[in-house]
1. Do we have any residue at all in segment 48-68 that's touching a Lys or Arg at 6+ places or on another chain (Cβ under 6 Å), outside any strand (DSSP E or B) and free of Cβ contacts under 8 Å to residues at least 60 places away in the same chain?
2. Just to verify a result, which residue in segment 148-183, among those that are of a type in the set (Val, Ile, Thr) and within 22 Å of Ala109 (Cβ to Cβ), is surrounded by the fewest Cβ atoms within 10 Å (Cβ to Cβ)?
3. Got at least one residue in segment 88-106 being farther than 26 Å from Tyr30 by Cβ, out of contact with any strand residue (DSSP E or B) (no Cβ under 6 Å at 6 or more places or on another chain) and surrounded by fewer than 22 Cβ atoms within 10 Å (Cβ to Cβ)?
4. Select from segment 94-147 the residues that are outside any helix (DSSP H, G or I) and among the basic types (Lys, Arg) and list them in ascending order.
5. Out of everything in segment 164-212 that is acidic (Asp, Glu) and in contact with a Ser or Thr (Cβ under 8 Å, 6 or more places away or on another chain), what residue ends up being modelled with the lowest pLDDT?
6. Quick one: how many residues across segment 15-58 are surrounded by 14 or more Cβ atoms within 10 Å (Cβ to Cβ), within 21 Å of the chain's Cα centre (by Cα) and more than 20 Å from Ser83 (Cα to Cα)?
7. If we scan segment 4-22, do we find a residue that is among the hydrophobic types (A, V, I, L, M, F, W, C), at pLDDT 95 or above and within 26 Å of Glu197 (Cβ to Cβ)?
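The values are calculated or read from the model by the stated rules, or taken from the named source; none is laboratory data. This one's a predicted model, so the numbers in the text were calculated from it and none came from an experiment. Ideal geometry is used to build each Cβ from the backbone, glycine not excepted, and the neighbour counts take in all protein chains shown.
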Amino acid sequence: MFFWNPTYFIFALPALILAFYAQWRVKSAYNKWLRVRNTRGLTGAQAAKMLLNANNLGHVGIEGTQGMLTDHYDPRTQTMRLSPEVANSNSVAALAVVAHEIGHAVQDAEAYAPLKLRTAIVPGVQVGSWLGPILFFIGFFLAAYYRFSFGYQLAWIGVLFFAGALVFAFATLPVEFNASARAKAMLTDAGLIYTEEMSGVRSVLDAAALTYVAAAAQALSTLLYYVFLLGGFRRRN
């Protein structure tokens, strides 16, 4: 059955290996620098308030959220949500995470175009990312096993729906890279880190950025696999 087509691994394996490597790097860098106290001794929550005020973002709220590495900025409510591990830690890793999320808050305040694009396409992507594969497999099954002509068209509609996930993944890259660049600059400008600590900040943020590259690679490999299946089916018929 095409569901178990071994060709899938030719497309998926490189992206999957990259994803595992990215996750390993994130956990390794985060855990290492979570144990290193920043020179100022500031907790993530304290640093967040200082950086928000320094960027004229005092209106942005700070709330808690559960989990590990679940910290994020919500542009819909203009709220920064910090995990307990980051909010209460005076580590270099906590400063890196907090500054990155404030980078997103600054992007929001400046109406940064890539962030606006990513936010705008979220509803469509949420639907397309799960509906696309369903339509694809139903269409492909109908076309391959029952020779229903409309199945081929349905499969391509599924591909188009899933393509939204790829657009989102690539739209995310400049948003995340820019937020990390802003984070490094604002930590230095605010005097919250010193030269020797920048290597830790860079290590945490660069590892996190790699996870977004891996996500884009996974979305691309899946889409290429769908197109490959449809192209092969068309040649056989």
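1. Keep residues of segment 48-68 that are touching a Lys or Arg at 6+ places or on another chain (Cβ under 6 Å), which gives 63, 65.
Next cut, outside any strand (DSSP E or B) only: 65.
If we keep only those that are free of Cβ contacts under 8 Å to residues at least 60 places away in the same chain too, we end up with 65.
Taking every residue of segment 48-68 in turn, at least one turns out to be touching a Lys or Arg at 6+ places or on another chain (Cβ under 6 Å), outside any strand (DSSP E or B) and free of Cβ contacts under 8 Å to residues at least 60 places away in the same chain.
2. Taking segment 148-183 and keeping what is of a type in the set (Val, Ile, Thr), we get 157, 159, 167, 172, 175.
Among the residues that remain, those that are also within 22 Å of Ala109 (Cβ to Cβ) are: 172, 175.
Numbers: Thr172: 18, Val175: 21.
By that ranking, first place goes to Thr172.
3. Checked segment 88-106: no residue is farther than 26 Å from Tyr30 by Cβ, out of contact with any strand residue (DSSP E or B) (no Cβ under 6 Å at 6 or more places or on another chain) and surrounded by fewer than 22 Cβ atoms within 10 Å (Cβ to Cβ).
4. Kept after step one, since they are outside any helix (DSSP H, G or I), are these residues of segment 94-147: 110-112, 146-147.
Scanning segment 94-147 gives a single hit, Arg147.
5. Restricting attention to segment 164-212, the residues satisfying the condition of being acidic (Asp, Glu) are 176, 189, 196-197, 206.
Filter again for in contact with a Ser or Thr (Cβ under 8 Å, 6 or more places away or on another chain), leaving 197, 206.
Values: Glu197: 93, Asp206: 97.
Selected residue: Glu197.
6. 6
7. Within segment 4-22, one or more residues are among the hydrophobic types (A, V, I, L, M, F, W, C), at pLDDT 95 or above and within 26 Å of Glu197 (Cβ to Cβ).
Here is a yes/no grid of residues against (1) closer than 19 Å to Leu187 by Cβ; (2) within 17 Å of the chain's Cα centre (by Cα):
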site	(1), (2)
Val97	yes, yes
Gly103	yes, yes
Ala109	yes, no
Leu117	no, yes
Pro123	no, yes
Pro133	no, no
Phe137	no, no
